[in-house]
1. Which numbered condition in (1) closer than 30 Å to A:Phe24 by Cα; (2) part of a helix (DSSP H, G or I) is the only one that C:Ser158 fails?
2. Can you confirm whether segment B:54-64 contains a residue that is of a type in the set (Gly, Ala, Ser) and touching a strand residue (DSSP E or B) at 6+ places or on another chain (Cβ under 8 Å)?
3. Would you mind stating whether C:Gly138 is at positive phi and touching a Phe, Trp or Tyr at 6+ places or on another chain (Cβ under 7 Å)?
4. Among (1) within 22 Å of C:Thr76 (Cβ to Cβ); (2) more than 7 Å from chain B (Cβ to nearest Cβ); (3) at pLDDT 85 or above, there is one condition A:Val84 misses while meeting the rest; what is its number?
5. Here are some residues: C:Gly396, C:Gly378, C:Gly367, C:Gly418. Which one is at pLDDT below 90 and under 24 Å from the mean Cα position of the chain (by Cα)?
6. Tell me which helices (runs of 4 or more DSSP H) are completely within segment C:457-507 and hold 3 or more residues being touching a Lys or Arg at 6+ places or on another chain (Cβ under 9 Å) and among the aliphatic types (A, V, I, L, M), or say none if there are none.
7. In segment C:249-303, which residue that is assigned to a helix (DSSP H, G or I) and charged (D, E, K, R) is farthest from C:Gly503 (Cα to Cα)?
Amino acid sequence: MSKNLARYGSFAALVVIVFTLLIFSWLAIEVSFPAFEATSGLLSTRLIPLEPFNGIAARVSRFLWEHRALDLTGQAFVIVAAIVCCLALLKSEEAED
Amino acid sequence: MDPFTPFIVSVALLFIIGLGCLMVKRDMVRLLIGIEILFNAANLNFVALSLQTKGFIDPFAHSIVMMAIVLDGTVIAVGLAMALNVYKHYKTLDIRKLRRLKW
Amino acid sequence: MVDPGSLSQIIQFPLPLAVLLCGGLALPIIGLLAERAGVGRLREAWMFIVTAAALGSVYLLYQQLKAAPGRVLVVTLWGQRPPLGGCFEIDALGIYMGGSIAFLGFLVALYSFKYMERESRLTEFYTLVLLMMAGMTGIALAGDFFTLFIFWELMGLSSYVLVAFLKNRWGPVEAGFKYLVMSATAGAFLLLSMSFLYGMTGTLNFAQLAASLHGSVRTPWLFVLFSALVVGFGVKSAIVPLHTWLPDAHPEAPSPISALLSGIVIETGLYGLTRVLYLLFDPNFFQLSIAALAVLTMTLANITALLQQDIKRLLAYSSIAQIGYMLIGVSTGTAYGVMGVFLHVFNHSLMKGMAFLSAGSIVHETGTRDLKRLRGVGRMMPYTTFTLFIALLGLGGVPATNGFISKFILFNSAIGAGMAWLAVAGVLNSALSMAYYLRVMKALISTPEDEGLKVHEAPALMVAVTVLMAALVVVFGLYPAPVISLATRASRALVDGMSRYIGAVLP
């Protein structure tokens with residue numbers, strides 16, 4: 001019973017994979033992605049040039065701190081949550097042997 | 001041809017590889033690797049799209065990728081901790097042995 | 001009297017969120033103090049203070065919102081302006097969701113003081129509960145897709161571990177791993193849809209996305225984006241083809257956590273779906289597909305619930321069915337339908353929270369979840385069984401409970417939107433669902449065939465919480481006006497107030 005179920009499952013997986021492959025290949029060939037078609041004028045103000053290649057990292061990190069500080073703070077809390085999660089999962093209980 | 005098509009194709013391929021990994025593989029650690037592939041496909045899409053204007057890059061997409069990497073790292077860490085607990089109970093990492101709960 | 005404009009510059013973090021995050025950060029230290037110094041109940045006292053303060057600060061934020069121009073508050077850190085920076089954009093809907101979260105969180109915290117007292121690792125447990133509530137509040141208030149995603153992961157991480165918290169049994173660990181794999185995949189889908197959105201518009205701010213995507217040409221990529229969004233939010237909110245983690249995870253979690261998960265976490269997923277769909281697309285773009293998902297969700301969940309023998313698993317399937325009813329309101333595309341959705345979110349959080357807490361009391365006393373073995377238990381636990389009956393009647397939509405009112409509004413809105421077949425499907429499913437609720441009631445009060453279990457009434461605190469919730473269900477069923485007016489304001493902010501939502505960020 002479970003063997004049949006597993007075979008059925010891998011068949012379904014194959015069908016799903018082929019289906020998505022077909023859809024994505026059709027999309028990629030026929031319809032070009034509407035890249036930045038709906039942008040406003042804001043985009044051009046923040047672009048950084050590609051030329052001094054080793055300057056990109058510094059500029060990106062400055063952008064990160066100057067504009068996305070809220071997300072960085074939230075991310076710090078996610079890391080705290082991950083630490084507490086691992087503590088809760090890996091701490092040995094008194095009841096265990 | 002749109003200069004963007006190769007990137008889209010590779011992102012789609014990576015995503016499908018990740019989904020296939022999740023559906024076909026039976027090992028818990030490999031399932032987590034599949035999740036990582038899915039996240040990285042999305043990150044690749046961000047990075048590729050940031051090069052849209054010729055000669056310039058968009059720092060916005062790069063900062064998003066920076067934070068997304070940390071987020072999926074935490075998910076994988078918790079997943080590995082949970083896989084360790086599963087191993088304690090079942091003495092195996094095979095997901096097929098894990099069907100004691102009904103669907 | 002402080003000028004509201006300057007007030008929003010002083011406060012850099014929405015108050016409920018700040019209270020919950022700081023409470024969560026301080027709790028490990030307090031737990032350490034409680035263990036070292038041997039001060040009993042210190043963690044519980046802190047938990048009580050923080051959740052009560054969160055409830056109060058939601059009210060303060062509501063007062064602040066009323067004074068704000070255009071009824072939309074934009075809160076950022078260190079004066080970084082949207083649309084480039086991450087921001088919180090607080091409107092009536094966000095406050096409404098935040099209030100529901102804080103309310104149920106407060107009640108569940110009270111309940112878990114008694115329920116969890118035998119467990120070890122309580123410090124981590126309470127910390128994770130606070131962080132999960134903070135994550136949900138952040139989702140409700142976020143004004144930027146990536147800010148939403150960060151709080152989404154915060155909520156997700158905490159809930160995976162809370163499901164697997166009782167790790168010395170095999171069930172919770174297995175359910176937790178299943179939940180983690182499915183939800184993390186959904187997170188990847190969300191990130192992919194975000195990258196497509198970024199590729200189309202160059203931004204992730206909700207207001208700017210709405211301004212640039214409304215009325216754009218329908219390319220096939222828009223459908224790819226839509227399906228990625230539905231998969232991403234749908235796994236967390238248990239829409240039917242993606243629901244398979246829920247019937248495992250909700251029964252295996254500790255009962256207070258089941259109440260939180262079923263009562264508000266899946267609704268937070270639905271809130272994200274509703275918010276994003278209404279901001280990005282015109283309602284007639286997603287109407288039919290969401291309606292089809294609603295019918296599928298209701299029917300399959302109700303039929304599967306009929307076959308269950310485990311009381312908590314039955315309640316979990318009933319949660320999926322309620323998500324189906326809520327999707328009816330989402331698919332209508334009118335402010336009335338969305339009002340029904342969010343009214344039902346609040347009512348369902350009360351009813352399903354109460355149902356899981358009462359079932360948790362029974363499980364706590366008897367140690368079994370099997371309906372066959374629970375025969376006759378109701379006679380020995382009269383108060384708990386009474387509250388469970390009220391909850392089940394409310395979930396079935398019996399008049400004089402608040403479930404009747406919100407279901408009535410949902411089905412009515414489907415007729416108003418010209419989809420009478422959807423209302424018919426909803427009513428039929430509602431009738432079907434009564435069948436298994438009545439089965440639970442019959443099992444609990446019938447006389448057992450053999451000896452049966454000998455149990456006492458649950459501890460006083462647990463009974464008090466459930467009785468309070470039962471009273472609220474009946475009160476809001478007979479006098480629903482205050483909640484309805486709040487929900488109406490919330491739904492207007494989403495559906496009709498789009499221009500004000502956009503105008504608060506874009507000059």
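The values are calculated or read from the model by the stated rules, or taken from the named source; none is laboratory data. Computed from a prediction, not measured in an experiment: that's the story for all the values here. Counting neighbours? That spans all protein chains shown, and the Cβs are built from the backbone with ideal geometry, glycine included.
1. (1)
2. yes
3. Against the criterion (at positive phi and touching a Phe, Trp or Tyr at 6+ places or on another chain (Cβ under 7 Å)), C:Gly138 does not qualify.
4. If we test A:Val84 against (1) within 22 Å of C:Thr76 (Cβ to Cβ); (2) more than 7 Å from chain B (Cβ to nearest Cβ); (3) at pLDDT 85 or above, just (1) comes out false.
5. Sole residue among the options that is at pLDDT below 90 and under 24 Å from the mean Cα position of the chain (by Cα): C:Gly396.
6. Those helices (runs of 4 or more DSSP H) span C:460-478.
7. The qualifying residue farthest from C:Gly503 (Cα to Cα) is C:Glu252.
Okay, residues lined up against (1) under 21 Å from the mean Cα position of the chain (by Cα); (2) aliphatic (A, V, I, L, M); (3) modelled with pLDDT of 90 or more:
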residue	(1), (2), (3)
C:Arg121	no, no, no
C:Ala142	yes, yes, no
C:Ile150	yes, yes, yes
C:Met155	yes, yes, yes
C:Ser183	yes, no, yes
C:Met194	no, yes, yes
C:Ala207	no, yes, no
C:Ser216	no, no, no
